[in-house]
Amino acid sequence: MIELDGQSLSISDVAQIARDDAPVGLSPAARKAVAEGHDFLQSLISEGRPIYGITTGFGALDGHAVSREQNRALQHNLLKSHSAGVGAPMAGDAVRALMAIRANVLASGATGVSPETVDALIAMINAGVIPHVPERGSVGACGDLAPLAHMALPLIGLGQARLHDGPWEPGQIAMKRAGIAHPAVEGRDGIALINGTEQTTGIGCLAVHDARRLVEVGEAVSALTMEALGAVDDAFDRHVALWKPHPGQIATSDNLRRLTEGSTAVLPPRPSRLRDALSLRCIPQVMGAARDAVEHAATALEIEINSVNDNPLFGVADDFVTSNSGNFHGQRAAEVLDYLANAMTSVAVMSERRSARLIDPHHNGGLPAFLIHPAAAAGANSGFMIAQYTAASLVAELRMRSVPASIQSVPTCINTEDHVPMAPLAARRAAFAVDTACTILAIEALLAAQAADLRGLTPAPALAPLHSAIRDAVPAMVGDRVVGADIDAVQQVLARSVEVLLN
């Protein structure tokens, strides 16, 4: 079980909860903190202290007083009115990530949420209840309000949900079938459920998790291409890396040396070949920069998912209360996710250039055009001509989506919320960039394997598992066949664990 304590949730934990159905629970310390925070809030309410979202309306309606008798209706109305999301539902793993991260924030005890409501949210995660959460509609400030409100609707018997991969059904029925009672959702429970950055971080954490794997697999794919094209090995010599000591460049250079050790094709400089094209020579600089971007994003997101990103906030130990916190603002997450998307786009752009080189007889070192097998008639067969078109189209789409989300503020709430970060858009862009880069790398891997086979190369020992996995999925192409199916198959290969592919 992964214990939620508001302090130590990792991106790896999020991925396990989201995709492997790892169970979650509150740590004993967190359970105590939640109870104390809720008791503290109740004492403030009893004293009659004005608190935003409890004794007042929300947003620009905070000048309207709300009586204690209206409190429960206020919290329920909040969830209903803020459920204004549109579009396709978020993927199930992203919704589970969103739920787990929000539960972790509530575990801090600084939000005033009731233990009953936290327990119900955790029970939903463990029972596989996945709320229907439209992916569009959040601006990333004052929380990812619309998606989190949709997430919370089943807690009050509304909305849609499904159990695991089952059909959508009314949230009340899904909760009943899961054996989860509806909590009261009163006090500050409604606003505590929605006032955070969890759509951003849920999607973002999974994108970072996938990007980490993509970088390692991408380095192996690029090394296989270097073998197929007979690259020069001093581009990733340790001397070169240490003369420009970015951590990612050093790590990528180290990995390329490991991957190509024992290669019969990636060789030192020779009179006929002193330099390579930049798509081969600058792999350490581009993939290394991607490594750095991934870890930069990971550091920021792990701070974010273990923070109290809420308003109001309650410090039980020192009687601190604020209705003026801006911790719900997702600017930091938005900026690092934009950075991650840019880095993944650069990985994809360079991969497409290597694919283009592999099929070009003017630049591939004597291989046939479009890697058409010698046993097949060129002209009657087109080989991998259109695979590169697909990569080019995907690169163009990545470039079309290259405008950063984090600068797209549009004021909301009659100008009360006059700066918003559009952080969920940055997260969705990052996830798209990671997935698209993986497809482009799959095209390169397909072509590199074909090129290596046409040359009769035995891959370097560290690359042999990757080459074998590709060949287990798709045989070498002799006559033309449906290339899209090959691309899909190789993308599934690249989705396997790094340990399986590279060890």
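The values are calculated or read from the model by the stated rules, or taken from the named source; none is laboratory data. Being a predicted model, the structure only gives us computed values, none of them experimental. Every residue, glycine as well, gets a Cβ built from its backbone with ideal geometry; the counts of neighbours run over all protein chains shown.
Couple of notes before you dig in:
- Picking from residues in segment 241-277 that are in a loop (DSSP other than H, G, I, E, B) and of a type in the set (Ser, Thr, Tyr), the one that is farthest from Gly365 (Cα to Cα) is Ser263.
- The set of residues in segment 84-111 that are surrounded by fewer than 24 Cβ atoms within 10 Å (Cβ to Cβ) and either in contact with a helix residue (DSSP H, G or I) (Cβ under 8 Å, 6 or more places away or on another chain) or not in a loop (DSSP other than H, G, I, E, B) (or both) comprises Ala84, Gly85, Val86, Gly87, Ala88, Pro89, Gly92, Asp93, Ser108.
- Answer residue from segment 206-240, given it is among the small types (Gly, Ala, Ser) and either assigned to a helix (DSSP H, G or I) or in the same structural domain as Ile101 (by TED's automatic domain parsing) (or both) and is surrounded by the fewest Cβ atoms within 10 Å (Cβ to Cβ) among those: Ala235
- Residue list for segment 115-138, restricted to those being surrounded by fewer than 24 Cβ atoms within 10 Å (Cβ to Cβ) and more than 20 Å from Leu163 (Cβ to Cβ): Pro115, Glu116, Glu135, Arg136, Gly137
- One residue stands out in segment 49-62 among those that are part of a loop (DSSP other than H, G, I, E, B) and of a type in the set (Ser, Thr, Tyr): the one that is surrounded by the fewest Cβ atoms within 10 Å (Cβ to Cβ), namely Tyr52.
- Remark: Gly190 falls outside the filter, which requires a residue to be in a loop (DSSP other than H, G, I, E, B) and among the small types (Gly, Ala, Ser).
- Cross-chain or 6+ apart pairs with Cβ under 6 Å, segment 376-388 first and within 17 Å of Ala442 (Cβ to Cβ) and modelled with pLDDT of 95 or more, then among the hydroxyl-bearing types (Ser, Thr, Tyr) and surrounded by 13 or more Cβ atoms within 10 Å (Cβ to Cβ): Gln388/Ser355
- In this entry, Thr55 passes the filter for residues that are more than 34 Å from the chain's Cα centre (by Cα), on the phi < 0 side of the Ramachandran plot and β-branched (Val, Ile, Thr).
- Within segment 243-272, the set of residues being in contact with a helix residue (DSSP H, G or I) (Cβ under 9 Å, 6 or more places away or on another chain), surrounded by fewer than 13 Cβ atoms within 10 Å (Cβ to Cβ) and closer than 17 Å to Met287 by Cβ comprises Lys244, Pro247.
- If you go through segment 112-141 and keep only what is part of a helix (DSSP H, G or I) and hydrophobic (A, V, I, L, M, F, W, C), you end up with Val118, Ala120, Leu121, Ile122, Ala123, Met124, Ile125, Ala127.
- His419 in a loop (DSSP other than H, G, I, E, B) and closer than 18 Å to Val483 by Cα: no
- So Ala65, is it without any contact (Cβ under 8 Å) to a residue 12 or more places away in the chain, exposed (fewer than 14 other Cβ atoms within 10 Å of the Cβ) and over 23 Å from Gly315 (Cβ atoms): yes
- The selection criterion, being more than 23 Å from Pro134 (Cβ to Cβ), within 26 Å of the chain's Cα centre (by Cα) and not β-branched (Val, Ile, Thr), holds for Gly25.
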